[in-house]
1. Could you tell me which residue of segment 153-167 is surrounded by the fewest Cβ atoms within 10 Å (Cβ to Cβ), considering only residues that are over 17 Å from Val77 (Cα atoms) and either at pLDDT below 90 or among the acidic types (Asp, Glu) (or both)?
2. For segment 78-114, enumerate the residues that are touching a residue at least 40 places away in the same chain (Cβ under 8 Å) and assigned to a helix (DSSP H, G or I).
3. Residues of segment 126-173 being over 13 Å from the mean Cα position of the chain (by Cα), farther than 16 Å from Phe191 by Cβ and of a type in the set (Val, Ile, Thr), which ones?
4. Condition first: basic (Lys, Arg) and in a helix (DSSP H, G or I). Now tell me which residues in segment 151-163 satisfy that.
5. Return yes or no: is Ile148 of a type in the set (A, V, I, L, M), within 17 Å of Ala211 (Cβ to Cβ) and outside any loop (DSSP other than H, G, I, E, B)?
6. Within segment 211-233, can you find the residues that are free of Cβ contacts under 8 Å to residues at least 12 places away in the same chain, out of contact with any Leu (no Cβ under 6 Å at 6 or more places or on another chain) and either of a type in the set (A, V, I, L, M) or not in a loop (DSSP other than H, G, I, E, B) (or both)?
7. Inspect segment 105-122 for any residue being at pLDDT 90 or above, among the hydroxyl-bearing types (Ser, Thr, Tyr) and either at positive phi or surrounded by 16 or more Cβ atoms within 10 Å (Cβ to Cβ) (or both) and give the result as yes or no.
8. Suppose the filter is at pLDDT 90 or above, within 20 Å of the chain's Cα centre (by Cα) and buried (at least 20 other Cβ atoms within 10 Å of the Cβ); does Leu79 pass it?
Amino acid sequence: MTDARAHAAHGARPSRAGSPAQRSSPAQRGAPAQRSSPARGAAAADGGSPARGRPPGRPRDGGDAPRGGTRERIQEVALELFAEQGYEKTSLREIAERLGVTKAALYYHFQSKEDIVLSFTQEYTAELDELIAWGSQQPPTAASRAAILTRYADIVSSRLGIIRFMEQNQAALHSLLSDGERGKRMFRAQFQQLRELMLPPDAPLREQIRASLALISIGLGCMLFQSQAASAEELHETVLDIACDLASARPASE
């Protein structure tokens, strides 16, 4: 598995940003579940709700670039075009035309399409860093593992367009990073840190593998079965449920 795929599978810039190309996280809408959801138990474990993504920017009417949610809307449209015709074949002019703004208005926020890619990549990795920092303060319990997986699934669900872009454009992404090898090491380190949060010290090999597969299953499950799920809520609940089973991460209340 490539580094980008392993990173996508385990999830990435933690916290407030919503996916430019995805709907709001199911956790934001309170997705229904047929049985008690790990997300609810995880939220109770830390006394709050799982990490939430911010909604994408509003569509605009035309003219100058809009003030509110501008960066998010530009990122969203760029990801749409990258998915439709490929990163290399997409120009900044086409992004501006899809947005309904002038190229000059777009330049106010991003000087190039490379800047757009770096912006959402950095936001994704920052969200993962925030999750890691939060998880490191939690007790090593099954409820904490469920909470970590829930927050990770929220990030992946809201950033699925970015994760898919990273998987499909590894060569371009590598060339955009100031130090491609350093970027790979960063992604790998984030995955390892998340996995370690799921494990006690000196965990046996079997548990290390289960924790790794729990993280991987979230990213790959969301990417591979997005078109087959009846809804984003169903997909989110299903991959999270499987991940919690793999990591033995059921809250004590279940």
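The values are calculated or read from the model by the stated rules, or taken from the named source; none is laboratory data. Keep in mind the model is a prediction, meaning the values are calculated, not measured. Methodologically, a virtual Cβ is constructed for each residue, glycine included, from the backbone with ideal geometry; neighbour enumeration extends over all protein chains shown.
1. Glu167
2. Within segment 78-114, Ala78, Leu79, Glu80, Phe82, Ala83, Ala105, Leu106, Glu114 meet the criteria.
3. The one that is over 13 Å from the mean Cα position of the chain (by Cα), farther than 16 Å from Phe191 by Cβ and of a type in the set (Val, Ile, Thr): Thr141.
4. Taking segment 151-163 and keeping what is basic (Lys, Arg), we get 151, 159.
The answer is Arg151, and nothing else.
5. When the stated conditions are applied, Ile148 passes them.
6. Leu224, Ala230
7. Yes, the conditions are met somewhere in segment 105-122.
8. Working: at pLDDT 90 or above: yes; within 20 Å of the chain's Cα centre (by Cα): yes; buried (at least 20 other Cβ atoms within 10 Å of the Cβ): yes.
Criteria met by Leu79.
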